[in-house]
1. Jot down the per residue volume, in cubic angstrom and as a whole number, of the convex hull over the alpha-carbon atoms of segment A:103-257.
2. Explain nothing, just the number: dipole magnitude of the protein assembly as shown about its Cα centre with +1 on each Lys and Arg Cβ and -1 on each Asp and Glu Cβ, in debye rounded to the nearest 20.
3. Total Lys pairs in segment A:205-347 closer than 18 Å by alpha-carbon, pairs eight or more apart in sequence or interchain only?
4. Please report, to one decimal in angstroms, the Kirkwood hydrodynamic radius of segment B:112-191 built from all distinct Cα-Cα pairs.
5. Under the Karplus relation 6.51 cos²θ - 1.76 cosθ + 1.60, θ = phi - 60°, what is the ordered set of whole-Hz ³J(HN,Hα) values for segment A:203-211, x standing for Gly and Pro?
6. Charges at C-beta only: +1 for Lys and Arg, -1 for Asp and Glu. How large is the resulting dipole of chain B about its Cα centre, in Debye rounded to 20?
7. Per-residue accessible area for B:L255 at 1.4 Å probe radius, Å² rounded to 10?
8. Based on C-alpha coordinates, I'd like the Rg and Dmax of segment B:133-179, in Å.
Amino acid sequence: MTQVSLRDLTKVYQGEFEPSLDRLSLEIDSGELAALLGPSGCGKTTTMKMIAGLLEPTSGDVQFDGRSILHEKPEKRGVVMVFQNYLLFPYMSVAENIGFGLKMRKVGKLETSRRVGEMLDLVKLPDLGNRRPSELSGGQQQRVALARALIVEPDVLLLDEPLSNLDAHLRFEMRDLIRGLQQELGITTIFVTHDQEEAVVLADKVALILDGRLKQYAGAEEFYNRPVDEATARFFGGQNFVAGSSDGSRFESALGSLDLPEGAASGKGKLTFRPENVRIGDSASATNRMTASLAEKLFMGTQTRLKLRIGGELIDAIANPNEVAEFSKGDEIEISLPPSSLWVLAN
Amino acid sequence: MYRRGGAFTRGFRVISGAVLITWLVLPLIPLGIWSFARGWYFPDLLPRNWSLKAWEYTFSDTAGVIECLWLTIFISLAATILSIIVGVPAGRALGLYRFRGKELVELMILAPTIVPGIAVVLGIHSVFITLGLNNTVTGVIVVHLIPTLPYMVLVMSGIFANYDPSFEAQARSLGASALKTFWYITIPAIMPGIIVGGLFAFLVSWSQYILTLLIGGGKVVTLPLLLFNFATSSRNDITGAIGMIYILPGILILLMTARHLSGRSSAVGGFGTI
């Protein structure tokens, strides 16, 4: 069980002026599963490599349980990194791949083969020990890569885009496997991904990094309901940003005067709310009621996306297809925005 | 590469094959016949008498051929091993990394294959005098590195151009030291290049004449020097016998590596861009 702290971690690559990672500070609690989320090139893999000791930070510190590990060689850090393309050693069998870490630690042959067997069972590939990596499917290769990392019982496990190379149906299976093993073994785990959905379903906490800077570090729900700024909200699929001003209890804008939840920010800024939180239909008792005209309607199977025009503003909404079946383009629709779903981004 | 193609490529293949055989194989036939000949005069197509005398002499103690063969093998092996030791890291740097002055380094490494050895060796000779390396086996080995290294570096840089160093990072992360990573991960991956480059280096060293003659100063006599001695003293039969021994490694190596030298899995990629 290891607590990981990143302190002002910065990386400026040789020949570049802009830092690839700019003063990243994070605390990842012992046994936690944290995601580094961001578009490609945002510095998340750079961060991972610096934790693993495969890359030297320009400045800042990496600490395990409050102790700096920057001077430690990669093989002495107790960190194992699983790369995106799995990197199974092609000249070795599956069993030899999994046993590699133990061989490096001079564990005996019998003990190694026993633990390799256990690992193969754990990742549900009991009979594939003698195969070559090239004979395995992508999902199987990933399991082997995971088993190869877990067998050395690392203090910290790093996963680079663990689900992105997999088919949709394998992703759920793999997510459950990773999540299950991580909970069972209690290994502090950090993974990077560019896919917000992947981060949300897998991680306890998510760190959003945009342009080398940490935007927000919080539980997944926070990003949907209380994003720190517009870029963050947009990364998580936020569409609605209405300019106006808040006095802490009401927001004045083109949508009219809307009730805000308690503790809302005040001053000039933008009002944001999730498309799925827009209530459709006439409900006399609802607060923040307004009339919108339907500008666009897009049926997407399990949901219907709407574009609504209110006082010159175009807002996005997502509705249950049955609820909006009767409406067509140009219709006037009564909608409401529950105060609890509103969030003010102050300028 | 040319597995499919029209009549033109097929014709081209036949012609190039014929040229290759005319140049490389035909000249060896009279040499082989000479080693068993006793009197072979114009205009006879074949010798009048056959004999094993030349071979007997070649393998006798007085000829010194066997001694010379061992020395040549030793020098070529040493030059090969040194080429590998220098060529692997150099090939890695050129194949894997971009750095300032890379083109210049590539040119300098290739230069010995372009510039005639005799032009370089006179300068080296005077440097070796101060180092006391002239007329020594060590000096000959060192000077052989000039022509062997370009081949080694060229092959290795081709190998490293297609090499993924992330495997090394993965091994380190799994607990392997730098040395173990090299042994268990890097070496197996680059082995085809080491073998092919090493064989090239061996053959190039094996066939050195001018460099050995000038730096060895006649004190270090390798097989090509001995061969030349006999060739100029009109002993065609002994020249033939030694010549047969001399070409043996080349033929063996060609047979062993023909598979690696052509086709899709070619290990000879040069600098990757050449």
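1. 156 Å³
2. On the way: 56 positive and 58 negative charges, 582 e Å.
Magnitude of the dipole: close to 2800 debye.
3. On the way: A:K205/A:K215; A:K215/A:K270; A:K297/A:K307; A:K297/A:K329; A:K307/A:K329.
So the count works out to 5.
4. Result for segment B:112-191, one decimal place: 15.6 Å.
5. Calculated HN-Hα couplings, in order: 9, 6, 9, 10, 10, 8, 10, 10, 6 Hz.
6. Details: 17 positive and 9 negative charges, 160 e Å.
Dipole magnitude for chain B comes out near 760 debye.
7. Accessible surface of B:L255 is approximately 130 Å².
8. Using the Cα atoms of segment B:133-179, the pair Rg, Dmax is 17.5, 51 Å.
The values are calculated or read from the model by the stated rules, or taken from the named source; none is laboratory data. Here the structure is a predicted model, which means the values were calculated and not measured. Don't worry about glycine lacking a Cβ; one is built from the backbone with ideal geometry, like all the others, and counts go over all protein chains shown. Protein only, heavy atoms only, side chains kept; ligands, DNA and RNA dropped before computing areas. Shrake-Rupley method; radii C 1.70, N 1.55, O 1.52, S 1.80 Å.
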